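*Asks:* Mind having a look at this structure? Questions to follow.
The values are calculated or read from the model by the stated rules, or taken from the named source; none is laboratory data. Quick caveat: nothing in here was measured; it's all calculated off a predicted structure. Heads up, the Cβs are rebuilt from the backbone with ideal geometry, glycines too, and the neighbour counts pull from every protein chain shown.
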Amino acid sequence: MRPVCFAVLLTASGSTFAQGTNEAYPKIEVFGGFSADKFFYSESSGEAGNPNISVASLFDFGADQHKGFDVSAARNFTRYLGIKADSSMYFRQDSGMTSDGQAYRVPERTVLFMVGPEIKARNHTRLAPFAHALFGFAHSSANFTIDASTIQSHSREGFAMALGGGLDFRMARRFSIRFVTDYSATHLGNPSPDDSGRQNHIRFALGVLFHIR
């Protein structure tokens, strides 16, 4: 009788332990929020003169800050390791006057899509730091418009990467507030198609992380 009771107890304990382990971390996490990208150095040459659309499409035009949004989805395989797909889009618009006195606009748009591992230090507190290494591609474009008419456009694609991480602050069982910062590099070339160059950025993001079990 005792061996039978012991076996039943052991089986129940093992089942409870396995269930607790499975519920210890969310299998899928989805993030969405505001993002900003700050260019700080470029190995690309060329003068950023208006309306130089070729330079504007380098995603570092005027060494200014681009604003947009960032969304990502992570599939967690263990409590500490997962694979994340990250997509972000940034916008900026330059304006001025041409030499003959016409008002112009140069709207710019850049899209990044990257995938890579994410490591998270989950613990028993509300704070969970994480780090990621993402790799993928970037597409950047710029249009030169006068009176809402596109006069000239230019776009380019290239390799993109992001190394960094952030911090999750758990507000409830199902969602957290996430802050992200990382170093991002894009390889979009030079204004001359025969050259190549790298643009260096710092990315920031702030939004909500949803935990899906």
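*Asks:* What do you reckon, is Thr98 under 18 Å from the mean Cα position of the chain (by Cα), under 21 Å from Ser57 (Cβ atoms) and β-branched (Val, Ile, Thr)?
*Replies:* Considered against the rule, which asks whether it is under 18 Å from the mean Cα position of the chain (by Cα), under 21 Å from Ser57 (Cβ atoms) and β-branched (Val, Ile, Thr), Thr98 comes out as no.
*Asks:* Condition test on Gly62, is it on the phi > 0 side of the Ramachandran plot, modelled with pLDDT under 90, surrounded by fewer than 18 Cβ atoms within 10 Å (Cβ to Cβ) and not acidic (Asp, Glu)?
*Replies:* Yes, satisfied.
*Asks:* Can Arg178 be described as within 17 Å of Glu29 (Cβ to Cβ), touching a strand residue (DSSP E or B) at 6+ places or on another chain (Cβ under 7 Å), part of a strand (DSSP E or B) and modelled with pLDDT of 90 or more?
*Replies:* So Arg178 passes the test.
*Asks:* Six or more apart or on different chains, Cβ atoms under 6 Å: show the pairs whose first residue is in the stretch 71-94 and closer than 27 Å to His124 by Cβ and surrounded by 15 or more Cβ atoms within 10 Å (Cβ to Cβ) and whose second is modelled with pLDDT of 95 or more and among the acidic types (Asp, Glu).
*Replies:* Hits for this filter: Ser72/Asp86; Ala74/Glu29; Ala74/Glu118; Gly82/Glu118; Lys84/Glu118.
*Asks:* Continuing with the same structure: If Glu47 meets every condition in (1) among the acidic types (Asp, Glu); (2) modelled with pLDDT of 95 or more; (3) over 17 Å from the mean Cα position of the chain (by Cα) apart from one, which number is that one?
*Replies:* Failing condition for Glu47: (2).
*Asks:* From Arg126, Arg122, Arg178, grab the single residue that is in contact with an Asp or Glu (Cβ under 7 Å, 6 or more places away or on another chain) and charged (D, E, K, R).
*Replies:* Criteria check complete, one pass: Arg178.
*Asks:* Another question, then. Which members of the stretch 106-134 meet the condition of being surrounded by fewer than 16 Cβ atoms within 10 Å (Cβ to Cβ) and of a type in the set (Lys, Arg)?
*Replies:* The answer is Arg126, and nothing else.
*Asks:* Taking only pairs six or more apart or across chains, which ones have beta-carbon atoms under 9 Å, a first residue in the stretch 96-115 that is of a type in the set (Asp, Glu), and a second residue that is surrounded by 16 or more Cβ atoms within 10 Å (Cβ to Cβ) and part of a loop (DSSP other than H, G, I, E, B)?
*Replies:* Glu108/Ser57; Glu108/Phe59
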